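S.K.: Can you read through this structure? Questions will come right after.
The values are calculated or read from the model by the stated rules, or taken from the named source; none is laboratory data. Remember, it's a predicted structure, so these values are computed and weren't measured experimentally. Please note: Cβ atoms are built from the backbone with ideal geometry, for glycine as well, and neighbour counts cover all protein chains shown. For the accessible areas, the whole protein counts, side chains as well, though only heavy atoms, and no ligand, DNA or RNA atoms are used. Shrake-Rupley method; radii C 1.70, N 1.55, O 1.52, S 1.80 Å.
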Amino acid sequence: MYCHNCGTRNPTGAKFCGACGNTLQPADAAETTISFIPEVPTYETEEVSFPVEEIEEGKAVLVVKKGPEAGTNFFLEKDVVTCGRDSTCDIFLDDVTVSRRHAEIRRDANGFTIVDSDSLNGTFVNRNRVDSAELKNGDEIQIGKFKLVIFTEGSPS
């Protein structure tokens with residue numbers, strides 16, 4: 001009897017391969033194949049929106065468009081908001097594609113700016129990799145496998 005996994009010859013009647021430990025099937029055993037299509041959840045929505053009239057002047061909201069937290073809103077109310085996989089970050093994005101301290105979103109008199117914190121996979125704004133970029137209403141930010149859209153109103157004070 002030969003192992004279907006490693007090809008090693010085993011004694012007749014053996015239930016397991018002596019070389020790799022694989023379960024052996026006798027030659028007369030009927031082979032059964034099970035086919036199934038796994039259901040893979042999709043988290044991306046075509047359009048995300050937020051009522052900008054509800055955003056206070058000088059503040060913004062990040063809405064998760066794609067990723068395990070799709071639909072979640074993060075309100076940007078501080079001058080520096082940290083994003084990353086570290087649980088102490090203001091925006092906690094729990095996935096291995098996100099660095100512990102991935103990026104910061106900074107607010108000043110001119111608006112909001114995202115700054116990459118030397119992350120491994122980079123930070124993208126509107127599909128362009130950036131070290132730093134000014135953010136406008138409707139910009140798409142990608143951090144790891146998360147896609148977020150920023151909604152702003154007014155100018156920061």
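S.K.: Which of the numbered conditions does Ser35 fail, given that it passes all the others? Conditions: (1) open to solvent by 100 Å² or more (accessible area, probe 1.4 Å); (2) within 20 Å of Thr152 (Cβ to Cβ); (3) modelled with pLDDT under 80.
M.R.: Ser35 satisfies every listed condition except (2).
S.K.: So Lys66 passes all but one of these: (1) surrounded by 14 or more Cβ atoms within 10 Å (Cβ to Cβ); (2) modelled with pLDDT of 90 or more; (3) under 14 Å from the mean Cα position of the chain (by Cα). Which condition number does it fail?
M.R.: Single failed check for Lys66: (2).
S.K.: Ok, one more. Between a first residue in the stretch 74-99 that is surrounded by 14 or more Cβ atoms within 10 Å (Cβ to Cβ) and a second residue that is outside any strand (DSSP E or B) and among the hydrophobic types (A, V, I, L, M, F, W, C), which pairs have beta carbons less than 7 Å apart while being 6 or more apart in sequence or on different chains?
M.R.: Pairs found: Thr82/Cys89; Cys83/Cys89; Cys83/Leu93; Gly84/Leu93; Gly84/Val98; Arg85/Leu93; Arg85/Val98; Ser99/Leu120.
S.K.: Oh, and also: Does Val40 count as of a type in the set (Val, Ile, Thr), under 22 Å from Lys136 (Cβ atoms), part of a loop (DSSP other than H, G, I, E, B) and at pLDDT below 80?
M.R.: Judged against the criteria, Val40 is not a match.
S.K.: Based on this model, can you work out whether Thr113 counts as in contact with a Ser or Thr (Cβ under 7 Å, 6 or more places away or on another chain), surrounded by fewer than 17 Cβ atoms within 10 Å (Cβ to Cβ) and of a type in the set (Val, Ile, Thr)?
M.R.: Yes.
S.K.: Only residues that are among the polar types (S, T, N, Q), within 24 Å of Ile55 (Cβ to Cβ) and assigned to a strand (DSSP E or B): list them for the stretch 110-132, please.
M.R.: Of the residues in the stretch 110-132, the ones among the polar types (S, T, N, Q) are 110, 113, 117, 119, 121, 123, 126, 128, 132.
Of the ones still in play, those that are also within 24 Å of Ile55 (Cβ to Cβ) are 110, 113, 123, 126, 132.
Thr113, Thr123, Ser132 - these are the residues of the stretch 110-132 that are among the polar types (S, T, N, Q), within 24 Å of Ile55 (Cβ to Cβ) and assigned to a strand (DSSP E or B).
S.K.: Going by the conditions given, is Asn128 touching a residue at least 60 places away in the same chain (Cβ under 8 Å) and open to solvent by 70 Å² or more (accessible area, probe 1.4 Å)?
M.R.: Answer is no for this residue.
S.K.: For the stretch 92-114, which positions are among the hydrophobic types (A, V, I, L, M, F, W, C) and either modelled with pLDDT of 95 or more or in contact with a Pro (Cβ under 8 Å, 6 or more places away or on another chain) (or both)? Can you show your working first?
M.R.: Start the filter on the stretch 92-114 by keeping residues that are among the hydrophobic types (A, V, I, L, M, F, W, C), which leaves 92-93, 96, 98, 103, 105, 109, 112, 114.
Ala103, Ile105, Ala109, Phe112, Ile114 - these are the residues of the stretch 92-114 that are among the hydrophobic types (A, V, I, L, M, F, W, C) and either modelled with pLDDT of 95 or more or in contact with a Pro (Cβ under 8 Å, 6 or more places away or on another chain) (or both).
S.K.: Something else: Quick one: how many residues across the stretch 133-157 are in a strand (DSSP E or B), modelled with pLDDT of 90 or more and open to solvent by less than 70 Å² (accessible area, probe 1.4 Å)?
M.R.: Here is the first cut: in the stretch 133-157, the ones in a strand (DSSP E or B) are 133-135, 140-143, 146-153.
If we keep only those that are modelled with pLDDT of 90 or more as well, we get 133-135, 140-143, 146-151.
Filter once more, so that each one left must be open to solvent by less than 70 Å² (accessible area, probe 1.4 Å): 133, 135, 140-143, 146-151.
Total meeting the criteria: 12.
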